[in-house]
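Here is the structure we will look at.
The values are calculated or read from the model by the stated rules, or taken from the named source; none is laboratory data. Keep in mind that what you see is a predicted model, and the values were worked out from it rather than measured. With ideal geometry, Cβ positions are generated from the backbone for all residues, glycine too; neighbour counts draw on all protein chains shown. Heavy atoms of the whole protein, side chains included, go into the accessibility calculation; ligands, DNA and RNA do not. Shrake-Rupley method; radii C 1.70, N 1.55, O 1.52, S 1.80 Å.
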Amino acid sequence: MKKRYLVLSSGAVFEGFAFGAEGEGLGELVFTTNMCGYPETLTDPSYAGQIILQTFPLVGNYGVIPEDFEGECRARGYVVREACDFPSNFRCRETLDAFLKQRGVPAIFGVDTREITRILREEGVMNALICDEIPGDLSALRDYAVRGAVAASSVRAPQEAPCEAARYRVALLDYGAKYNIVRELNRRGCHVTILPHDTPAGDVLLGGYDGVMLSNGPGDPAENAFEIVQVREIMGRLPMFGICLGHQLMALSQGGETVKLKYGHRGANQPVRDQMGERTLITSQNHGYAVKTEGAPGLLRYVNANDGTCEGLDYPALNAFSVQFHPEACAGPQDAETLFDRFIAMMGGTAHADA
């Protein structure tokens, strides 16, 4: 087996073995606690510019299933404890190794992922390099930053996602959208038009849509100055529902602020308290930034039960709401999928998801 190294910007080096694509992978190293759903994780565009570390020790055991993809793979690298070479699942189409090779993603296995996770939890997320030879100069590694990720992840031209007997027309502003957002809207009778991230507000308002969805996506939300202005112009004129990055852009458009978290929330077991009731939702999350709770615009509807960060805001006067977590959760718990029904109700409907 070929040796490969994971080099952290702190100078720490972990020796393991190569799989996936040849070459180097430079990115921001983040960890996810998901116990399953690695194909969905690898195809989540919100990981653009990042190296993904799986805390669950065995990855690849059921292969890769294209029907479960959530988008294009935009990860810069992949780190696992043990990579399975012989998957067993009736839906499997290829191995994890083959998937990574085809998409140019270098990976490493055989490293102590528990130790690396502890480092990230204590010191915060940091840049890392997957390489076959340890570089003598780490300046490029330390200077790396995720930039322009939304533009790289968005569609280039409008795309239509129709459904039978559609009752609503929804504009989905694509900042790196997961496919399951479209599926959940389709299941509820929505014809979805997926629009590029830089679509002007005027085009959306004149498009004959019943509502607007703002998708998830990668990178620093404050970097998206043009998109924030467009969101501000649309809010209050059409029903609006924002998820993850969309939630952050809505808050920024209304005068809120965002902050980078020490190591983010990435996994399928994040507890979120509903401030309007007594319920705690178990949610799927993937984000490194959060809206500042102090001075947050709108009504603070949801908070993270672990660290108290903002997880959702309501804007009743603007007929809009947003959540930091993923109600379309794929893979993940389905506690919050009824938020799509709330969006349907805002557009004047009472539809529930088809079976």
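Lys and Arg at +1, Asp and Glu at -1: add these up for the other residues within a Cβ distance under 12 Å of residue 226 and post the number. Charge balance in the 12 Å sphere: -3. Scanning the chain for trypsin sites (Lys or Arg not before Pro) lying in DSSP loops with no more than 15 further Cβ atoms inside 10 Å, the longest uninterrupted stretch between such sites is 3-90.
Along its first, second and third principal axes, ordered by size, segment 225-346 spans 35, 34, 25 Å in Cα coordinates. With the simple spin-label model, which puts each label point 7 Å out from Cα in the Cβ direction, the residue 147 to residue 102 separation comes to 3.3 nm.
For the chain, which whole-number percentage of the solvent-accessible area (1.4 Å probe, protein heavy atoms only) is attributable to carbon and sulfur atoms? Here carbon and sulfur together make up 49 percent of the probe-accessible area. A simple spin-label model places the labels of residue 262 and residue 278 3.3 nm from each other, with each point 7 Å out along Cα-to-Cβ. Using a cut-off of 12 Å between beta-carbons, work out the net charge of the residues near residue 87 (Lys and Arg +1, Asp and Glu -1, residue 87 not included). Counting the neighbours of residue 87, the net charge comes to -1. Rounded to the nearest whole angstrom, the semi-axes of the ellipsoid equivalent to the chain, taken from the Cα gyration tensor as √(5λ), stand at 34, 22, 19, largest first.
Taking every protein chain into account, the accessible area of segment 13-131 amounts to 40 square angstrom per residue (probe 1.4 Å). Checking the a/c ratio against 1.5 first, then a/b against b/c, what shape does the Cα gyration tensor give for segment 218-277? Oblate is the answer for segment 218-277, as a/c is 1.5 or above yet b/c matches or exceeds a/b.
Just the number, please: Stokes-Einstein D of segment 98-156 in µm²/s, Kirkwood Rh from C-alpha pairs, 25 °C, 0.890 mPa s. This corresponds to a translational diffusion coefficient of 169 µm²/s.
Ignoring the sites themselves, what is the longest stretch of the chain with no GluC sites (Glu not before Pro) in a DSSP loop and at most 12 other beta-carbon atoms within 10 Å? Answer - 165-277.
Using a simple spin-label model with pseudo-atoms 7 Å out from Cα toward Cβ, residue 118 and residue 157 lie 5.4 nm apart. Centre-to-centre, using Cα atoms only, segment 106-165 and segment 1-76 are separated by 8 Å.
Candidate cross-link partners of residue 260 among the lysines, defined by an alpha-carbon separation under 27 Å and a same-chain spacing of 8 or more, comprise 178, 292. Length, then width, then depth: along the principal axes, the Cα atoms of segment 156-297 run 41, 31, 28 Å. Considering only 48, 271, 119, and ranking their Cα positions along the charge dipole of the chain that arises from unit charges at the beta-carbon of Lys, Arg, Asp and Glu, the one farthest toward the positive end is 271. Residue 229 contributes an accessible area of around 50 Å² to the protein surface, as traced by a 1.4 Å probe with all chains present. Once you divide the Cα radius of gyration of segment 1-145 by 2.2 N^0.38 Å, the number left is 0.97. The Rg/Rh ratio of segment 1-70, with both radii computed over alpha carbons and Rh defined as the Kirkwood radius, is 0.96.
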